[in-house]
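Below you'll find the structure, written out as structure tokens, and then a few comments.
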Amino acid sequence: MLSQKHFLSLKGYIKEDIDKILETAFQFREVLDRPIKKVPSLQGVTIVNLFFENSTRTRISFELAQKRLSADTVNFSASSSSLKKGESFKDTAQNIMAMKIDAVVMRHPTPGSPKLLAEFIDATIINAGDGTHEHPTQAILDMMSLKEKFGNLRGLKVGIIGDISHSRVARSNIYGLLIMGAEVTVCGPPNLIPRYINDLGVKVNFNLNEVIEWADALNILRIQKERMGRSLVPSVREYRSAFGITLDRLKSHKKEIVIMHPGPMNRGVEIDGAIADSDQAIILNQVLNGVASRMAILFLLCGGQPTEMVEK
């Protein structure tokens, strides 16, 4: 089990809990390679997927994780709920809890919403992304993918490239990687790098070529125009020229470097399609590890039995 009831943020998380999640995730990764990819670990546990924001990879990943663990899954869509009739967030949450729910996986456009939900109901809350704040389960799957590739996270050099200001993925990755002993450098347009970012313990470098020479792995982020309110990038061509991971740019460095992307990708903008599809990229590994790592988080938070976890 983990030391905290909820999984809301990686800020201040303890290394021992991350180690436990990753260890459990690799065990579940083996389950996903079996002909029958299902275990009875969370049989009888009811989990609600409470998504107030569009999602493809995260929502499907959580649903698959829940079904692979034999949990009962209920999907909530804000667009067709009583919220559209004026019901408050608190009343919606408490009505759902009255149906005897054990855990809630929540995505919301407003930072801090999962933490607020935890004050209203007794169920375990898992943050599946809250605005520009954090996306802790994405960071776990990213760390799992890096550990799978390199064997260890301590001393690993990771460059996070792109729109740092609006990225919940960047924040959670920074917290998690630093806890695990990795080194992190962020790189992107100056107006998309928060002023306080150095306070988190990362380095800032606006020269992408220097970051490529330094890094063992690059985590590439997209420009999130939907969160900006207005465009903060002069043009796609200019952004691609300065910060795009292009085939020519990587060839010029003549080094092996691991490429990651949390999705959705804008091919031809922040990353070339040829690179995304190359052997250097572990993007599809991230997707598969997303199911295994979310299985681990659900299992550890919802009281799954260790003997059932590896049952064949």
With respect to the cross-link table entries LYS37/LYS67; LYS11/LYS203; LYS5/LYS115; LYS5/LYS149; LYS11/LYS115; LYS67/LYS147, which display a Cα-Cα separation exceeding 20 Å? LYS5/LYS149; LYS67/LYS147
Residue-span extension gain [ASN95 to ASP72] - 0.36 nm each, minus C-alpha spacing: 6.5 nm
Take every Cα-Cα distance within the stretch 73-170, group them into 5 Å bins from 0 onward, and report for each bin the whole-number percent of pairs it holds. 3, 11, 18, 20, 16, 11, 10, 7, 5, 2, 0
Residue-ordered couplings for the stretch 259-271, obtained by feeding phi - 60° into the Karplus form 6.51 cos²θ - 1.76 cosθ + 1.60 and rounding to whole Hz (Gly and Pro as x), are 10, 10, 7, x, x, x, 8, 9, 4, x, 10, 7, 8
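When MET265, MET143 are ordered from fewest to most other Cβ atoms inside 10 Å of their Cβ, what list results?
By the 10 Å Cβ count, ascending: MET265, MET143.
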Neighbour net charge for GLY263 - beta-carbon separation under 9 angstrom, K R +1, D E -1: +2
Report, in deg cm²/dmol and to the nearest 500, the calculated mean residue ellipticity at 222 nm for the chain, where each DSSP H run with n ≥ 4 adds -39500 (n - 2.57) and the sum is divided by the residue count. -12000 deg cm²/dmol
Suppose each label sits 7 Å from its Cα in the direction of the beta carbon; what would the LYS20-ASP279 distance come out to in nanometres? 3.9
Quick one: plug the Kirkwood hydrodynamic radius of the stretch 24-79 (C-alpha pairs) into Stokes-Einstein at 4 °C, 1.567 mPa s, and report D in µm²/s. 106
Mean shadow area (nm²) of the C-alpha convex hull around the stretch 136-286 is 8.1
How much of the DSSP bridge set in the chain is antiparallel, in percent, rounded to the nearest 5? 5
Could you please tell me the mean projected area of the C-alpha convex hull for the stretch 152-196, averaged over all directions and given in square nanometres to one decimal? 3.0
With an 8 Å Cα cut-off and a minimum separation of 6 or more residues, compute the relative contact order for the stretch 136-286 in percent. 24
Calculate, for GLN4 and GLU210, the FRET efficiency according to 1/(1 + (r/R0)^6) with r their C-beta to C-beta distance and R0 30 Å; round to the nearest 0.05. 0.20
Expressed as a fraction of 2.2 N^0.38 Å, the rule-of-thumb size for a compact globular protein of N residues, what is the C-alpha radius of gyration of the chain? 1.00
Fraction of the pair-distance distribution of the stretch 8-142 above 20 Å, Cα-Cα pairs, percent: 49
Summarise the long-distance tail of P(r) for the stretch 134-178 by giving the % of C-alpha pairs beyond 17 Å. 27
Plugging the Cβ-Cβ distance of GLN27 and PHE120 into 1/(1 + (r/R0)^6) at R0 = 51 Å yields, to the nearest 0.05, a FRET efficiency of 0.95
Note the full-extension length gain between LYS254 and ARG237 as 0.36 nm times their separation in residues minus their Cα-Cα distance, in nm to one decimal. 3.7 nm
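Students often check this: by mean Cβ neighbours within 10 Å, which of 66-77, 194-205 ranks highest, and how do the rest follow?
Highest-to-lowest ranking by the protection proxy: 66-77, 194-205.
Every read-out reported here was derived from the displayed coordinates using simple, explicitly stated rules and does not represent laboratory data. Note that the structure is predicted; figures quoted are calculated from it, not measured. Virtual Cβ from ideal backbone geometry, glycine too; neighbours counted across all protein chains shown.
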